[in-house]
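Comments concern the structure below.
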Amino acid sequence: MPDPDHLDRRGAVGVITLDNPPVNALSLSLRVALQDAFEAGLEDPEIEAFVIHSAGRMFSAGADIREFDSGAAGESPTLGELIAMIEASPKPVVAAVHGAAFGGGFELPLGCHARVSVPGTRVGLPEVTLGIVPGAGGTQRLPRLIGVPAALDAIVSGKPMKAEKGYELGLIDEMASSLDDLVDVAVRLAEKLAAEDGPPPKVRDRDDRLAEARENPGLFDDFRASIARRARGFEAPYACIECIEAAVEKPFDEGLAFERETFTRCRNSLQSKAQRHVFFAEREARRVRGVEKATPKASISQAAVLGCGTMGGGIAMCFANAGIPVRVTETEQGALDRGMDKIRGNYASTVSKGRLSEADAEARLALIEPTLDFDSIADADIVIEAVFEDMALKKEIFTRLDAICRPDAIMATNTSSLDVDEIAAVTSRPEQVVGLHFFSPANVMRLLEIVRGEKTSPEVLASVMAMSGRIGKVGIVVGVCDAFAANRMLYPYAQQAGFLIEEGAFPEQVDRVIYEFGFPMGPFGLGDLAGLDVGWRVRQHREPTRPKDLRYSPIADRLYEMGRYGQKTNRGWFRYEEGSRTPIPDLEVTELIVRTSEELGIERREISDEEILQRCMYPLINMGARVLEEGISERSSDLDLVWLYGYGFPRYRGGPMFYADSVGVDHVYETMKRFHEVHTDWLEPAPLLERLAREGGTFGDWSAS
Ligand code: 3H9
């Protein structure tokens with residue numbers, strides 16, 4: 001921690017070191033220490049200028065997010081007060097930034113009189129991802145330095161920028177060639193500024209880049225229109241735009257006050273609480289029972305995927321995209337060729353959208369080696385089986401794998417519902433076996449359900465957790481049960497959607513309610529996208545094990561029998577114009593639904609949007625409660641991530657279990673009880689839901705122990 005004694009002298013320059021591991025978050029104690037060190041330097045007549053830099057791997061990750069709930073963020077000196085003090089200093093202050101400077105950790109350098117960095121450093125204002133606006137002057141100073149269009153892009157996306165780019169934009173004044181030189185370069189610049197006449201230059205006084213924006217009054221509305229799709233439902237991106245507008249229209253201090261008010265409003269909003277919950281949930285998910293930080297991890301430099309169908313091909317792409325060579329096997333040439341064609345087609349489409357260069361696509365393709373030689377996978381560090389969902393076939397494959405794989409190889413199955421323990425039991429090394437449930441399309445969806453078998457070793461779990469990050473996935477560890485956590489929670493959601501249309505709703509109403517709630521699409525549109533033939537096959541497959549009382553609506557099967565397979569046939573739950581993905585309600589489906597209700601003896605009724613939402617959401621939350629109490633999932637926030645990354649649950653609602661806590665667990669319980677009295681299927685409140693409701697508890701506070 002810097003304190004007055006920690007203010008180092010380099011000639012006439014006072015060098016202050018921020019030191020608050022692990023990420024130099026600007027917590028109250030660090031702010032107090034920085035203020036003390038700075039005031040000591042101001043009083044010291046020998047000191048003519050300052051450099052602020054940091055110990056550890058980064059400059060600063062910003063305000064301490066945990067303080068948002070404790071109230072300490074508002075205690076003096078606030079970050080805003082500190083930055084104002086630094087900016088007003090008659091002695092110039094240079095920030096020496098390395099590693100990362102995010103949020104308040106970047107607003108601090110913006111308030112300094114100059115910034116020096118080193119290649120590879122990332123700087124940015126990611127506050128929007130936490131549902132807030134930058135609250136210590138970021139929205140007022142950044143546009144003054146780099147212009148409004150670039151500032152809008154950076155602040156509203158929250159994406160970090162490389163220091164090299166910042167240098168080109170005039171954000172960084174000088175680049176040191178290496179970390180070893182950083183402080184030297186900053187000290188020299190501080191000396192130079194101290195030698196200049198007059199007060200040091202302040203970003204708040206700059207107006208040239210704002211003047212450019214005043215020439216273009218349509219700028220903000222155009223920008224709003226450009227983000228309408230990706231920012232749908234989110235409040236913070238629009239609040240960020242308003243703050244930048246204020247920077248252009250108001251004098252600095254008024255703009256700053258507007259930003260402050262907006263920050264406080266956003267910080268107190270449910271959306272921000274939900275997004276902060278997601279931030280910590282992602283970090284919490286990395287903690288897995290029985291796996292220590294020091295648990296050794298296998299290094300994965302060669303992967304193999306068995307099966308080059310849609311799933312296998314998508315999984316192979318994940319490895320190639322991460323620069324890991326991968327072999328894909330099939331049993332016959334035709335299937336292998338078709339699989340590789342699909343992979344090539346996927347890359348070509350990404351190139352045509354301008355998201356990947358031709359050369360990069362070629363380089364990735366070169367990492368995928370198709371082969372018919374099963375034995376060639378013997379040297380792989382990890383093998384992922386992605387063949388048809390059939391227990392006998394999987395057992396046969398794992399017996400063969402056991403015979404040829406290296407003793408330390410990780411053997412994974414991509415099963416979405418079969419018993420991983422039963423598969424592992426055919427091998428001589430069940431501790432090396434794990435489930436890796438990818439979601440379709442595997443190269444796109446970020447969720448990876450990591451299924452821990454009874455005997456899966458901590459080393460294997462630690463290795464696949466690390467690997468999931470490397471291949472761009474959010475790995476969530478779950479236990480073995482039918483359908484695991486994600487699909488098990490999906491079933492009641494899909495089941496209720498089916499019942500709602502039997503009782504009186506129509507697919508377009510259900511889908512509208514779910515879309516307005518914030519999902520990218522409703523259950524029926526999703527069915528059409530995935531293919532109603534796929535859903536039909538899954539139901540056929542599950543039929544022998546379906547509990548007798550577990551009814552589902554027959555309408556989906558009827559659509560399948562009519563050849564309505566969804567988007568692929570331009571007809572499914574909806575109708576589609578050739579080449580379009582816009583769903584259009586179809587009279588044939590409406591008539592089928594009404595007829596089915598009649599056949600089932602159900603008198604159709606008006607169903608409110610509220611009931612639709614509750615009937616879709618609460619049963620899945622209820623199933624989440626069962627998953628938790630059975631120990632399939634360690635914590636409710638893992639289930640939130642499953643739904644965020646597997647099914648597009650709106651991030652600003654924090655996931656289904658957080659949503660349950662925010663509407664009130666007792667309310668969810670009472671509503672489920674009411675539903676169960678009327679409709680029996682699967683709606684019986686879970687014991688954990690009942691207990692939390694009675695005790696006034698929340699899923700967030702619940703823990704298995
Ligand atoms: C802000 O600045 C508001 C201002 O505009 C206005 C103020 C008035 N606070 O991610 P990691 C913890 S809002 C508290 O695993 P990495 C993290 O939880 C802030 N804690 O490391 C973890 O704890 P644990 C804007 C924080 O190397 C540990 O540090 N800033 C914070 O993978 C290690 O983190 C951001 O949004 C924090 N700010 O990634 C940046 N940051 O070990 C947020 C981290 O107990 N941070 N922790 O699980 C990040 O994006 C990443 O942490 C970073 C490092 C990329 C920096």
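Do we have Ala150 as under 33 Å from the mean Cα position of the chain (by Cα), buried (at least 18 other Cβ atoms within 10 Å of the Cβ) and more than 20 Å from Ile83 (Cβ to Cβ) here? In short, yes.
For the range 469-511, the candidate set comprises residues that are touching a helix residue (DSSP H, G or I) at 6+ places or on another chain (Cβ under 8 Å) and without any contact (Cβ under 8 Å) to a residue 60 or more places away in the chain; within that set, the residue that is least open to solvent (accessible area, probe 1.4 Å) is Gly498. Between Arg260, Arg232, the distinction of being under 19 Å from Ile132 (Cα atoms), touching a residue at least 24 places away in the same chain (Cβ under 8 Å), open to solvent by 10 Å² or more (accessible area, probe 1.4 Å) and away from the ligand (no atom under 16 Å from the Cβ) belongs to Arg232 only. None of Arg57, Arg31 is modelled with pLDDT of 95 or more, basic (Lys, Arg) and crowded, with 16+ Cβ neighbours inside 10 Å except Arg31. When the criteria are applied in full, Glu168 meets the requirement of being outside any loop (DSSP other than H, G, I, E, B), of a type outside the set (A, V, I, L, M, F, W, C) and out of contact with any Gly (no Cβ under 8 Å at 6 or more places or on another chain). On inspection, Gly135 passes the criterion of being under 24 Å from the mean Cα position of the chain (by Cα), surrounded by 24 or more Cβ atoms within 10 Å (Cβ to Cβ), over 30 Å from Arg188 (Cβ atoms) and within 11 Å of the ligand (Cβ to nearest atom). Each residue in the range 69-85 was checked for being under 30 Å from the mean Cα position of the chain (by Cα) and either surrounded by 19 or more Cβ atoms within 10 Å (Cβ to Cβ) or within 23 Å of Phe252 (Cβ to Cβ) (or both), and 5 of them qualify. Any residue in the range 241-257 that is over 29 Å from Met85 (Cα atoms) and either loosely packed, with under 13 Cβ neighbours inside 10 Å or touching a strand residue (DSSP E or B) at 6+ places or on another chain (Cβ under 7 Å) (or both)? No, that holds for no residue.
Of all residues in the range 339-364, which are surrounded by 15 or more Cβ atoms within 10 Å (Cβ to Cβ), of a type in the set (A, V, I, L, M, F, W, C) and part of a helix (DSSP H, G or I)? It would help to see each step written out before you state the result.
Of the residues in the range 339-364, the ones surrounded by 15 or more Cβ atoms within 10 Å (Cβ to Cβ) are 339-340, 342-343, 346-347, 350-351, 356, 361, 364.
Now narrow it down to the ones that are of a type in the set (A, V, I, L, M, F, W, C): 340, 343, 351, 356, 361.
Met340, Ile343, Val351, Ala361 - these are the residues of the range 339-364 that are surrounded by 15 or more Cβ atoms within 10 Å (Cβ to Cβ), of a type in the set (A, V, I, L, M, F, W, C) and part of a helix (DSSP H, G or I).
Counted as qualifying within the range 388-495 are the helices (runs of 4 or more DSSP H) with 2 or more residues that are small (Gly, Ala, Ser), namely 391-404, 458-470.
Given the residues Ala316, Ala335, which is the only one that is in the same structural domain as Ala378 (by TED's automatic domain parsing), open to solvent by less than 10 Å² (accessible area, probe 1.4 Å) and either more than 16 Å from the ligand (Cβ to nearest atom) or in a helix (DSSP H, G or I) (or both)? None of the other options fit; the residue is Ala316. Listed by position, the helices (runs of 4 or more DSSP H) inside the range 8-95 whose residues that are within 13 Å of the ligand (Cβ to nearest atom) and among the basic types (Lys, Arg) number at least 1 are 28-43. Tell me yes or no: at least one residue of the range 97-106 is open to solvent by 30 Å² or more (accessible area, probe 1.4 Å), within 15 Å of the ligand (Cβ to nearest atom), in contact with a helix residue (DSSP H, G or I) (Cβ under 6 Å, 6 or more places away or on another chain) and part of a loop (DSSP other than H, G, I, E, B). Scanning the range 97-106, I find no residue that is open to solvent by 30 Å² or more (accessible area, probe 1.4 Å), within 15 Å of the ligand (Cβ to nearest atom), in contact with a helix residue (DSSP H, G or I) (Cβ under 6 Å, 6 or more places away or on another chain) and part of a loop (DSSP other than H, G, I, E, B), so the answer is no.
Figure legend. Inter-residue proximity from the range 391-408: first residues of a type outside the set (A, V, I, L, M), second residues open to solvent by 60 Å² or more (accessible area, probe 1.4 Å), beta-carbon distance below 7 Å, spacing 6+ or different chains. Indicated pairs: Asp402/Ser428; Arg406/Asp379.
Listed conditions (1) open to solvent by 40 Å² or more (accessible area, probe 1.4 Å); (2) among the basic types (Lys, Arg); (3) over 29 Å from Ala693 (Cβ atoms) are all met by Arg605, apart from (3). Per the conditions (1) within 27 Å of Asp638 (Cα to Cα); (2) open to solvent by less than 10 Å² (accessible area, probe 1.4 Å), the sole criterion not satisfied by Leu401 is (1). Looking only at residues in the range 365-394 that are small (Gly, Ala, Ser) and closer than 25 Å to Ala298 by Cα, the one that is least open to solvent (accessible area, probe 1.4 Å) is Ala380.
Restricting the search to the range 465-487, which residues are touching a Ser or Thr at 6+ places or on another chain (Cβ under 9 Å) and within 21 Å of Ser440 (Cβ to Cβ)? If the condition is that a residue be touching a Ser or Thr at 6+ places or on another chain (Cβ under 9 Å) and within 21 Å of Ser440 (Cβ to Cβ), then Val474, Gly475, Ile476, Val477, Val478, Asp482, Ala483, Phe484, Ala485, Ala486, Asn487 are the ones that fit. Taking the range 39-70 on its own, how many of its residues are hydrophobic (A, V, I, L, M, F, W, C), farther than 25 Å from Thr121 by Cα and touching a strand residue (DSSP E or B) at 6+ places or on another chain (Cβ under 7 Å)? So the answer is 1.
Residue count for the range 161-172, restricted to those that are touching a helix residue (DSSP H, G or I) at 6+ places or on another chain (Cβ under 7 Å) and either open to solvent by 10 Å² or more (accessible area, probe 1.4 Å) or outside the structural domain of Ala100 (by TED's automatic domain parsing) (or both): 3.
In the range 263-308, the qualifying residues are those that are of a type in the set (S, T, N, Q) and within 11 Å of the ligand (Cβ to nearest atom), and the one that is nearest to Gly453 (Cα to Cα) is Gln275.
In the condition set (1) more than 12 Å from the ligand (Cβ to nearest atom); (2) open to solvent by less than 10 Å² (accessible area, probe 1.4 Å); (3) not in a helix (DSSP H, G or I), Gly120 is compliant with all but (2). Among residues that are of a type outside the set (Asp, Glu), open to solvent by 10 Å² or more (accessible area, probe 1.4 Å), closer than 20 Å to Ile300 by Cβ and at pLDDT 95 or above, Arg429 is included.
Matching residues to (1) under 17 Å from Ser416 (Cβ atoms); (2) in contact with a Lys or Arg (Cβ under 9 Å, 6 or more places away or on another chain); (3) open to solvent by 80 Å² or more (accessible area, probe 1.4 Å); (4) among the charged types (D, E, K, R):
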{"residue": "Ala530", "(1), (2), (3), (4)": "yes, no, no, no"}
{"residue": "Tyr552", "(1), (2), (3), (4)": "no, yes, no, no"}
{"residue": "Ala556", "(1), (2), (3), (4)": "no, yes, no, no"}
{"residue": "Thr569", "(1), (2), (3), (4)": "no, no, no, no"}
{"residue": "Gly572", "(1), (2), (3), (4)": "no, yes, no, no"}
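Among residues of the range 174-199 that are open to solvent by 60 Å² or more (accessible area, probe 1.4 Å), those with a beta-carbon under 7 Å from a residue that is in a helix (DSSP H, G or I) at least six positions away or on a different chain give the pairs Glu174/Val185; Glu174/Leu189.
The values are calculated or read from the model by the stated rules, or taken from the named source; none is laboratory data. As the structure is a prediction and not an experimental result, all values here were calculated from the model. Here Cβ is always computed from backbone atoms with ideal geometry, including for glycine, and neighbour counts include all displayed protein chains. The accessibility values were calculated without ligands, DNA or RNA, using every heavy atom of the protein model including side chains. Shrake-Rupley method; radii C 1.70, N 1.55, O 1.52, S 1.80 Å.
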